[in-house]
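The values are calculated or read from the model by the stated rules, or taken from the named source; none is laboratory data. Everything numeric here is computed off the predicted structure, so don't read it as measured data. Quick reminder, even Gly has a Cβ in these numbers, built from the backbone with ideal geometry, and neighbours come from all protein chains shown.
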Amino acid sequence: QKEVEQNSGPLSVPEGAIASLNCTYSDRGSQSFFWYRQYSGKSPELIMSIYSNGDKEDGRFTAQLNKASQYVSLLIRDSQPSDSATYLCAVNEGRGADGLTFGKGTHLIIQP
Amino acid sequence: DTGVSQDPRHKITKRGQNVTFRCDPISEHNRLYWYRQTLGQGPEFLTYFQNEAQLEKSRLLSDRFSAERPKGSFSTLEIQRTEQGDSAMYLCASSLGARVSGNTIYFGEGSWLTVV
């Protein structure tokens, strides 16, 4: 069974610091990887996507992918209180399948 | 607003009643997905359509759940004989379905179901 694992947290980070969120996945055939942000009571909002090994930067966000280790991470630089949310790691199931498998999410709290 | 639209946003129903949710995807997107999310969990994939064809339905939670996309545009998700365990947020999402770019999926605001 395909699984995506995340530490549920809460992860508490001081304002202005770097928040580091981690995710592992079980299916080696997975080809696409996504980070979604979800505020309480709201729907998931796409933050980053990554498809190749290495780093991908977008503003204060950097996604990192290591397919050999089956590991995806999200770094948030200069963390702001508005970054406080649940961050969901999602993996496309690969090999032609098109649904996303989500982790349970990491609850991030940015302390002012 | 050109995002994914869902209706109703909130539904309270009595156990045993049928409910139907509607989803209007982003206009140029040909793939449409349904997910369910319960408290403290990530979204759980239920089914998806490529245009009007339902390509995956084995993950619908039971035979009480069904989905349609008759003209390849909007979709409906119906739950028959609702149970209290069906209480959740039902999320619709859509995508272009471009495999090369990774098929980025965008979610609607969700439809909250409470079964009493």
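The table that follows gives values for the structure above.
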{"read-out": "Some residue of the range B:100-114 being without any contact (Cβ under 8 Å) to a residue 12 or more places away in the chain, exposed (fewer than 15 other Cβ atoms within 10 Å of the Cβ) and either part of a helix (DSSP H, G or I) or of a type outside the set (Ser, Thr, Tyr) (or both)", "value": "yes"}
{"read-out": "Some residue of the range B:61-71 being touching a Phe, Trp or Tyr at 6+ places or on another chain (Cβ under 8 Å) and in contact (Cβ under 8 Å) with a residue 24 or more places away in the chain", "value": "yes"}
{"read-out": "Failed criterion for residue B:91 (all others in (1) more than 14 Å from every other protein chain (Cβ to nearest Cβ); (2) under 19 Å from residue B:11 (Cα atoms); (3) touching a Ser or Thr at 6+ places or on another chain (Cβ under 7 Å); (4) surrounded by 19 or more Cβ atoms within 10 Å (Cβ to Cβ) hold)", "value": "(1)"}
{"read-out": "Qualifying positions in the range A:43-85 - within 25 Å of residue B:33 (Cα to Cα) and of a type in the set (D, E, K, R)", "value": "A:45"}
{"read-out": "Residue in the range A:52-64 that is in contact with a Ser or Thr (Cβ under 6 Å, 6 or more places away or on another chain) and away from chain B (no Cβ under 11 Å) present", "value": "yes"}
{"read-out": "Filtered residues of the range A:42-92 (kept if more than 21 Å from residue A:12 (Cα to Cα), touching a residue at least 24 places away in the same chain (Cβ under 8 Å) and among the aromatic types (Phe, Trp, Tyr))", "value": "A:71"}
{"read-out": "Single residue of the range A:26-54 satisfying the filter (of a type in the set (Phe, Trp, Tyr), at pLDDT below 95 and crowded, with 20+ Cβ neighbours inside 10 Å) that is farthest from residue A:105 (Cα to Cα)", "value": "A:33"}
{"read-out": "Test: residue in the range B:27-39 that is part of a strand (DSSP E or B) and of a type in the set (Asp, Glu)", "value": "no"}
{"read-out": "Condition met for residue B:76 (more than 9 Å from chain A (Cβ to nearest Cβ), touching a Phe, Trp or Tyr at 6+ places or on another chain (Cβ under 7 Å), among the β-branched types (Val, Ile, Thr) and not in a loop (DSSP other than H, G, I, E, B))", "value": "yes"}
{"read-out": "Selected residue (only one of B:78, B:44, B:68 is within 28 Å of residue A:37 (Cβ to Cβ) and of a type in the set (Asp, Glu))", "value": "B:44"}
{"read-out": "Criterion: at pLDDT 95 or above, within 14 Å of residue A:6 (Cβ to Cβ) and either surrounded by fewer than 17 Cβ atoms within 10 Å (Cβ to Cβ) or more than 10 Å from the chain's Cα centre (by Cα) (or both) - qualifying residue of A:73, A:20", "value": "A:20"}
